[in-house]
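I have placed the structure first, in the form of structure tokens, so that the comments after it can refer back to it.
The values are calculated or read from the model by the stated rules, or taken from the named source; none is laboratory data. Quick caveat: nothing in here was measured; it's all calculated off a predicted structure. Don't worry about glycine lacking a Cβ; one is built from the backbone with ideal geometry, like all the others, and counts go over all protein chains shown. Just the protein is used for accessible areas: all its heavy atoms, side chains included, with ligands, DNA and RNA removed. Shrake-Rupley method; radii C 1.70, N 1.55, O 1.52, S 1.80 Å.
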Amino acid sequence: MERLVERLEKAVERLETVCQGPGMCGEGSSKGVAQYVQAFDALLSGPVAEYIKISKEVGGDVQKHAEMVHAGLMSERALLVVASQHQQPAENAFSALLKPISEQIQVVQNFREKNRGSKMFNHLSAVSESIPALGWVAMAPKPGPYVKEMTDAAMFYTNRILKEYKDVDKKQVDWVKAYLSIWTELQAYIKEYHTTGLTWSKTGPVATEGAKAAPAAPAGIAPPPPGPPPPPAPVSSSTDDSASRSALFAQINRGEGITSGLRHVSDDMKTHKNPALKNQGGPVRSGPKPFTAPKPACNANPSQTTSPKAPPLLELEGKKWRVENQENATNLVISDTELKQVAYVFKCTNSTLQIKGKINSITLDNCKKLGLVFDDVVGIVEIINSRDVKVQVMGKVPTISINKTDGCHVYLSQSSLDCEIVSAKSSEMNVLVPTEGGDFTEFPVPEQFKTVWNGQKLVTTVTEIAG
């Protein structure tokens with residue numbers, strides 16, 4: 001926590017230098033500011049300001065997240081000002097200049113991981129999946145397509161928000177439009193001013209690690225920097241992805257030096273020139289990579305590195321049922337439920353859980369060999385980062401989402417046959433449909449697809465694999 005506060009304080013110091021002291025970003029003249037910095041200020045005072053405004057109206061976790069996003073954008077503005085006044089630096093100096101942006105990306109993503117039980121989890125996920133777009137400054141020669149790719153990553157979650165709130169809360173729909181417009185406008189901005197990469201000044205000193213921009217103020221009015229971010233979430237498969245993305249900036253900007261650690265491959269080591277090598281590696285597994293838990297580091301004395309297990313938990317916290325760290329518990333039951341309540345099941349292993357009555361939503365996160373039986377859910381049942389889970393619907397559920405999960409069996413009831421099952425980055429999924437005799441017929445969920453161009457658009461169909 002102290003390290004994160006320290007980093008944020010440094011970022012604020014940089015911003016204060018750019019803006020001629022605290023509180024002056026948004027005052028004064030734009031005289032002497034490069035044209036592409038002024039254009040970025042227009043983006044801040046337009047789509048970004050609208051996104052911040054609506055996020056404040058939504059409040060809660062969405063507002064806090066928006067403040068972190070704004071801090072990342074302001075760090076990016078500081079880099080743009082430096083680039084407009086300095087010549088392109090050496091690789092190591094540029095990596096140091098990118099550090100505040102990559103750190104703020106981590107802050108945004110860690111907040112999502114820390115708040116997986118939030119009722120605004122889809123909002124947090126949409127932002128976290130797309131926030132690496134701020135790294136376009138390191139993506140030469142195609143920064144625009146990179147931003148588009150990151151924007152597409154958010155669509156899975158923004159579509160969920162639109163589906164949930166389309167006819168219920170117009171403010172949520174406006175939030176989606178405002179947020180996505182930031183990246184749409186950023187793509188147009190990049191196309192005009194930084195088509196093949198960040199544009200540096202052809203005059204002035206060469207930028208160094210400690211380079212600071214000359215005092216200049218953006219034309220638009222932007223909200224103040226946020227307070228200290230929350231502490232980082234525990235290490236998980238998702239936070240590993242976040243760290244990898246942040247480290248990407250430094251790796252990319254090593255230039256030709258990135259290949260210095262590679263060794264030469266002689267002809268006798270190439271499979272196309274030596275076919276006998278192809279059979280030495282054994283069969284190659286196809287399909288999505290299964291979920292695997294992080295392996296502990298080896299140590300001569302395991303007792304020194306084994307962290308204490310978190311205590312098992314089954315309790316109602318406000319409107320959220322928390323079921324956490326349960327192991328070999330075969331009789332977990334939640335019976336006193338209400339429509340507005342949600343259930344969050346985290347890190348439960350080799351256990352069974354029954355939820356009686358009607359509940360708003362259920363989330364399974366990082367569970368293994370878990371059996372879930374529930375009556376009715378009015379929202380969504382979400383299965384994330386799990387392995388070998390079985391879910392049985394006794395009543396009705398509109399949507400089941402399976403994400404980053406290896407091995408999932410879904411048993412539907414007669415009244416839930418119209419349930420939508422959405423899957424992504426998952427494998428070994430099966431849906432079991434009841435028959436008139438009371439048995440179940442099993443149907444596998446496709447994992448492999450074929451996409452072709454029909455002359456006008458891409459057409460994707462399920463690939464039928466002959467057994």
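Do we have any residue at all in the stretch 313-334 that's of a type in the set (Ser, Thr, Tyr), modelled with pLDDT under 55 and open to solvent by 60 Å² or more (accessible area, probe 1.4 Å)?
Within the stretch 313-334, the first condition is being of a type in the set (Ser, Thr, Tyr), and the residues that meet it are 330.
Right, trim to modelled with pLDDT under 55 and you get none.
No, the stretch 313-334 has no match at all.
With the condition kept exactly as written, say whether any residue in the stretch 149-167 is crowded, with 20+ Cβ neighbours inside 10 Å, touching a residue at least 60 places away in the same chain (Cβ under 8 Å) and hydrophobic (A, V, I, L, M, F, W, C).
no
Go through (1) over 16 Å from THR363 (Cα atoms); (2) under 29 Å from the mean Cα position of the chain (by Cα); (3) free of Cβ contacts under 8 Å to residues at least 24 places away in the same chain for LEU432 and report which single condition fails.
Status for LEU432: all satisfied but (2).
Of all residues in the stretch 189-204, how many are over 23 Å from the mean Cα position of the chain (by Cα) and assigned to a helix (DSSP H, G or I)? Give the derivation first.
If we filter the stretch 189-204 for residues that are over 23 Å from the mean Cα position of the chain (by Cα), which is where we start, we get 189, 191-204.
Next, only the ones that are assigned to a helix (DSSP H, G or I) stay: 189, 191-193.
Looking only at that region, the number is 4.
Among the residues of the stretch 175-200, what is the count of those that are more than 20 Å from ASP41 (Cβ to Cβ) and crowded, with 17+ Cβ neighbours inside 10 Å?
Qualifying residue count for the region: 3.
Out of everything in the stretch 110-148 that is among the aliphatic types (A, V, I, L, M) and closer than 22 Å to VAL37 by Cβ, what residue ends up being surrounded by the fewest Cβ atoms within 10 Å (Cβ to Cβ)?
Kept after step one, since they are among the aliphatic types (A, V, I, L, M), are these residues of the stretch 110-148: 120, 124, 126-127, 131, 133-134, 137-140, 147.
If we keep only those that are closer than 22 Å to VAL37 by Cβ as well, we get 131, 133-134, 137-140, 147.
Details: ILE131: 27, ALA133: 24, LEU134: 24, VAL137: 21, ALA138: 23, MET139: 24, ALA140: 16, VAL147: 25.
Checking each candidate, the answer is ALA140.
Considering the stretch 428-444 alone, what residues qualify as being at pLDDT below 90 and among the charged types (D, E, K, R)?
GLU436, ASP439, listed by residue number.
Mind listing whichever residues of the stretch 412-433 are open to solvent by less than 30 Å² (accessible area, probe 1.4 Å) and over 17 Å from VAL381 (Cα atoms)?
Correct list: SER427 only.
Say we look at the stretch 376-402 and pick out the residues that are in contact with an Asp or Glu (Cβ under 7 Å, 6 or more places away or on another chain), of a type in the set (S, T, N, Q) and assigned to a strand (DSSP E or B); which of these is surrounded by the fewest Cβ atoms within 10 Å (Cβ to Cβ)?
THR399
Only residues that are outside any helix (DSSP H, G or I) and under 30 Å from PRO205 (Cα atoms): list them for the stretch 87-134, please. It would help to see each step written out before you state the result.
From the stretch 87-134, those outside any helix (DSSP H, G or I) are 87-90, 115-120; that's our starting set.
If the condition is that a residue be outside any helix (DSSP H, G or I) and under 30 Å from PRO205 (Cα atoms), then GLN87, GLN88, PRO89, ALA90 are the ones that fit.
Looking only at the stretch 57-78, decide whether some residue is in contact with a His (Cβ under 6 Å, 6 or more places away or on another chain), open to solvent by less than 10 Å² (accessible area, probe 1.4 Å), hydrophobic (A, V, I, L, M, F, W, C) and part of a helix (DSSP H, G or I).
Step one: of the stretch 57-78, the residues in contact with a His (Cβ under 6 Å, 6 or more places away or on another chain) are 62.
Filter again for open to solvent by less than 10 Å² (accessible area, probe 1.4 Å), leaving 62.
Next cut, hydrophobic (A, V, I, L, M, F, W, C) only: 62.
Okay, now just the ones that are also part of a helix (DSSP H, G or I), so 62.
Yes - at least one qualifying residue is present in the stretch 57-78.
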